[in-house]
Amino acid sequence: MLDATAKPLVEIKHMCKWYGEFSALHDINLTVAEGERVVVCGPSGSGKSTMIRCINQLEAHQKGTILVDGVEVKPGMKNIELIRREVGMVFQSFNLFPHMTILDNLILGPMRNRGASKAEATELAMGYLERVHIAGQAGKYPPQLSGGQQQRVAIARALCMKPKIMLFDEPTSALDPEMIAGVLDVMIELAEEGMTMICVTHEMGFARKVADRVVFMDEGEIIEIAEPQEFFSNPQSDRAQLFLSQLLGH
Amino acid sequence: MDRTSSPPAPPKKRLSLVDFALFAGVAALLLYAGYRVNDVLVYNWSWSRVINFIIRYDETSGAYVANLLLFGLATTLRLAVWATILASIIGVVMGYWRTSENLTLRILSRGYVELIRNLPPLVFIFIFYFFISSQIFPLLGIEDIDRSAVLVDNPMFRVLFGDPQLFPNFLAGVLCLAMFEGAYITEIVRAGIQSVPHGQWEAARAIGLSRTNVLRDVVLPQALRKILPPLAGQFITLIKDSAIVSLISIQELTYLATEVASTTTKVFETWILVGAMYFILCYSFALLFGWLERRASRNRR
């Protein structure tokens, strides 16, 4: 388990966000320490994705503060690229660049943002492709790969930036059932290597296995935060109980 | 059933009686039109007089040389190429501005597009021509270019821009056409940029690319691939639209055809031949673009 002195990598304090008049996030408080694995769950529309997308400012929050590795992230800030390179993100729909080969997908970020040479970036990229078990596909184009392979490429692409933290936004939700295990295996390996992770997912098996804490959200608020053992066996709030019974009940 | 058996032959496509009737009807109409011109108008056809204006026999050198209409065709081609290059630059910049986060840029580009799309081309070209030829050119010193200087009066310059004496005139024509077609290309580029899924922007931003890099490395390459067919169509439209600058005395194909028609009085022959020249030019480009497009889509996978 984590010791209390671990450095906080992400600190969210009193964050709020509205879409027009609709309150999407309300008074979010969450601190994620270095090396910690947090799983975020909750019914759809509860603001899970919006919350993690505020961390790298794909969505702008309107109130409260977000610190990433001690630096405050503000909407419309200059040099947001310096923060984004420390925050890897994996999307539900992969979002690989279809006009580039797998390898080119991976080396783009390091070359443009970290100023790596093509040779350096390629070496780095091949290493990560090896780790997600698809080094043999480096010369192919994304549409030639299966969904599971594409998602593993997307993970490798994020890792190529050598981020301090990885955000996963429902990484297995768009996959065929037989593809899910391969992606989860890569995520578990990553967790075991000590990567700091925030995962929005409905994969409760994954949560049980790797999560240090589970964050349950509903209607734009964090309802409870607990260790997985505690959360699954003895959820405190009615809403978490209802959510779990619906999720596990069928 | 045997899995290796071959599939049944597809039904043959054949022309039905109705199709033949249609063709016959069209042929009859054409024949009637010919009859009207020949026998009712009592029109005296003389193709050779007009063809002389395409290629004529030069007595002194004893060879066939190009004449007015072919020069006009060359000017039209030059106009179209330069105007396309310029219009593409305008279109990409303005098209990007149309999708920009900056309100000022959006207003500017929107204003440009709406202004041009809602004016008749002729009206726009008259206004724009008198403005640039009377205000901008003197400011830039275009009128004062030494037209006998080595830089200007050499074969390369003639190939690229035509007669140096007519250069300011030619430039005005190029600018008018480019400004005009640029608005349509702007809209094509905007549609192309917006057709790239939002997730592409997000993924590129998430790995720390700047807005410029996202556009250059991720969005524009994908947008360009999608907009090549409409862009090719717009290029052919531009060739046809170039006829309109004959009204500001650019000596391209239509302008010279007007002169040939009035000196020879052979109106039908002139315009049918000129029409054929435009058709061959535009249709060749259409075939070329079609071929390029098929090749590009074959190579993709």
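The values are calculated or read from the model by the stated rules, or taken from the named source; none is laboratory data. All values derive from a computational prediction rather than experimental measurement. Here the Cβ is made from the backbone with ideal geometry for all residues, glycine too, and neighbour counts use every protein chain on show. Each accessible area value is taken on the protein alone, full model and side chains, heavy atoms only, with ligands, DNA and RNA left out. Shrake-Rupley method; radii C 1.70, N 1.55, O 1.52, S 1.80 Å.
Structure values in brief
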item	result
Selection from B:Tyr278, A:Ile80, B:Leu69, by position along the positive dipole direction of the protein assembly as shown (Cβ)	B:Leu69
Fraction of beta bridges assigned by DSSP in chain A that are antiparallel (%, nearest 5)	55
Chain pair B, A: total accessible area buried, heavy atoms, 1.4 Å probe, Å²	1800
Portion, in percent, of the accessible area of segment B:24-176 that falls on carbon or sulfur, probe 1.4 Å	69
Loop-resident sites, segment A:124-205, for GluC sites (Glu not before Pro), counting at most 16 other Cβ within 10 Å (DSSP)	A:Glu193
Under the Karplus curve 6.51 cos²θ - 1.76 cosθ + 1.60, θ = phi - 60°, whole-Hz ³J(HN,Hα) for segment A:33-39, x wherever Gly or Pro sits	7, 4, x, 8, 10, 10, 9
Trypsin sites (Lys or Arg not before Pro) within segment B:1-79: DSSP coil, no more than 15 neighbouring Cβ in 10 Å	B:Arg3, B:Lys12, B:Lys13, B:Arg14
Longest to shortest principal axis, alpha-carbon extents of segment B:19-58, angstrom	49, 25, 8
Per-residue ³J(HN,Hα) for segment A:141-150, Karplus 6.51 cos²θ - 1.76 cosθ + 1.60, θ = phi - 60°, Hz, x for Gly and Pro	9, x, x, 7, 9, 6, x, x, 5, 4
Unit charges on C-beta of K, R, D, E only; dipole of segment A:1-126, Debye	280
Summed residue charge, Cβ within 15 Å of A:Gly220's Cβ, Lys/Arg positive, Asp/Glu negative	-2
When each of A:Lys78/B:Lys226; A:Lys13/A:Lys48; A:Lys74/A:Lys162 is checked by Cα-Cα distance, pairs over 20 Å	A:Lys78/B:Lys226; A:Lys74/A:Lys162
Amide H within-cut-off set for A:Ala33, under 5 Å, with H built and near neighbours excluded	A:Leu9
Check: the protein assembly as shown dipole with +1 on Lys, Arg Cβ and -1 on Asp, Glu Cβ, in debye	1380
Whole-number percent relative contact order across chain B, with pairs defined as alpha carbons under 8 Å at least 6 apart	25
Reduced Cα scattering model of chain A, Debye log10 I(q)/I(0), q = 0.07, 0.13 Å⁻¹	-0.23, -0.83
Pairwise Cα inverse-distance average, inverted: Kirkwood Rh of the protein assembly as shown (Å)	29.2
For chain B, convex hull volume per residue from C-alpha positions, Å³	276
Taking N as its residue count, the alpha carbon Rg of segment B:1-106 over 2.2 N^0.38 Å	2.18
Gyration tensor (alpha-carbon) shape descriptor, segment B:92-143, a/c threshold 1.5	oblate
Per-residue mean of C-beta atoms belonging to partner chains within 10 Å, peptide B:217-228	2
Unit charges on C-beta of K, R, D, E only; dipole of segment A:115-250, Debye	580
